[in-house]
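Participant: One structure follows; several queries about it will come next.
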Amino acid sequence: MTSFSAPPVPHGIAWIMADDLGWGEPGAFPSTSPHGRIATPHLNQFASHGVRFTDGYAGYTVCAPSRMTLMTGFHSGHFPREGLNGEALAPAQSASLLTLPAMLQRAGYITAAAGKVAPLTAPVEQGFDSFIGQVDQGLCHNMYPRFIDEGNATLNVNLSLNWAIAADAKAARAQCMASPSSFNYTVDITHQASLAFVRARAADGKKFFLYESFTVPHAGGWGHAPSMPESGAPVPSDGRYASESWPEVERDHAAVITYLDNCVGELIAELKTGGLDDKTLLFFASDNGAHLEGGHDYHFFNSTGGLLGHKRSLFEGGYR
């Protein structure tokens, strides 16, 4: 008989969640496109040094129910049995089940969420010691809002710089990209909070769980709700793609994925700086497959990597 010892309990756990990233968009997976590959050097390196779940599947083909499976551990097919609607999880419901962060809290981990926390409606009551981002599933895709949420309240952080953004989406895009430092991009706010959380844990030596849940590359608006619907892929700069002759929305889409990739690289670097990289179990995933919203065409970069379907469909392109 062969005996196996239990794996060591990780000092740190970090889950990085992309929003609507297609299987074919990170360079770590094989894909071809007439417009080339989107640059994801940090994800490529991370994948080459870790385990790639090449046959991994998201909990569902659209955001909230997919994240519900992560937060509760229940397969979406069991939601009706458990009284879950797949869209929102209130504190009264989570009191009768054990959410992922609450389980880790009980195990002695300091827990933090940054970004998109749907389906949780009160993250600080549902297992997270700290939170900054946007609770509302709809509001969180406005990338330059006037208010975001922190702690146990909503719309309690005033992003005063964003009050000067133009009402017209096209004008707002030009304004934000002409002077990125003059406005508050939500991805930057939540990412900086994630880095600060890691630095604090490196200083105090406490076990930790970080849920850095991005709102990109989901389609979004260039201003505040409800006047700014999902009208593109807001990003402070098109960077290396600025001179491409592609449609505007596709330049932005590629740029926001590379922007996300850079954030991943910064988090990994912060873990290394704090001496936490060898003590931390780090995951990167997308909540579902490539989207086709805000004017983006998922065929442009072959975002599903040749898999049939896309976000909201039950083919592999929607949830692999």
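The values are calculated or read from the model by the stated rules, or taken from the named source; none is laboratory data. As the structure is a computational prediction, the values presented were derived from the model and not from experiment. Glycine also receives a Cβ, built like all others from the backbone with ideal geometry; neighbour counts cover every protein chain displayed. These accessible areas exclude ligands, DNA and RNA; they are computed on the full protein's heavy atoms, side chains included. Shrake-Rupley method; radii C 1.70, N 1.55, O 1.52, S 1.80 Å.
Participant: Based on the alpha-carbon gyration tensor of the stretch 63-157 and its eigenvalue square roots a ≥ b ≥ c, which shape applies: rounded if a/c is under 1.5, prolate if not and a/b is larger than b/c, or oblate?
Facilitator: Verdict is oblate for the stretch 63-157.
Participant: For V51, what accessible surface area do you get with a 1.4 Å probe? Give it in Å², rounded to 10.
Facilitator: V51 has an accessible surface of roughly 120 Å² with all protein chains in place.
Participant: Oh, and also: When all alpha-carbon pairs of the stretch 94-214 are counted, what percent fall beyond 21 Å?
Facilitator: When every Cα pair of the stretch 94-214 is considered, 43 percent fall beyond 21 Å.
Participant: Sticking with this one: Relative contact order for the stretch 1-157 using alpha-carbon pairs under 8 Å, separation at least 6, rounded to a whole percent?
Facilitator: 13
Participant: What do you get when you divide the Cα radius of gyration of the stretch 1-142 by 2.2 N^0.38 Å, with N the number of residues?
Facilitator: Ratio of Rg to 2.2 N^0.38 Å for the stretch 1-142: 1.21.
Participant: Indicate, rounded to the nearest 5 percent, the antiparallel portion of the DSSP beta bridges found entirely in the chain.
Facilitator: Counting only bridges with both partners in the chain, antiparallel ones make up about 15 percent.
Participant: Follow-up. Which whole-number value in Å³ per residue fits the convex hull of the alpha carbons of the chain?
Facilitator: 150
Participant: Quick one, could you list the DSSP H helices from the chain stretching 30 Å or more along their long axis (Cα atoms) with average Kyte-Doolittle hydropathy of -1.0 or above?
Facilitator: 248-273
Participant: Take every DSSP beta bridge with both residues inside the stretch 112-248 and express the antiparallel ones as a percent of the total, to the nearest 5.
Facilitator: The answer is about 35 percent antiparallel.
Participant: Among N184, N85, N288, which one shows the highest mean-square fluctuation when the chain is modelled as a Gaussian network with alpha-carbon springs under 10 Å?
Facilitator: Comparing N184, N85, N288 in the GNM, the peak value goes to N85.
Participant: Along the charge dipole of the chain, pointing to its positive end and built from +1/-1 on Cβ of Lys, Arg, Asp and Glu, which listed residue (Y60, A269, A193) has its Cα farthest out?
Facilitator: In the chain, that residue is A269.
Participant: Per residue, how much accessible area does the chain have with a 1.4 Å probe, in Å²?
Facilitator: 44
Participant: Quick one: pull the percent of accessible area on the chain belonging to carbon and sulfur, 1.4 Å probe, ligands and nucleic acids left out.
Facilitator: The value for the chain is 57 percent carbon and sulfur by accessible area.
Participant: Further question: So, in Å, what gap is there between the alpha-carbon centers of the stretch 168-205 and the stretch 283-320?
Facilitator: 26
Participant: Could you sort out which of K272/K311; K116/K206; K207/K311; K116/K207 sit more than 26 Å apart by Cα distance in this structure?
Facilitator: In this structure, K272/K311; K207/K311 lie more than 26 Å apart at Cα.
Participant: Add +1 for every Lys or Arg and -1 for every Asp or Glu among the other residues with Cβ under 13 Å from the Cβ of S33, and state the total.
Facilitator: Net of charged neighbours comes to -3.
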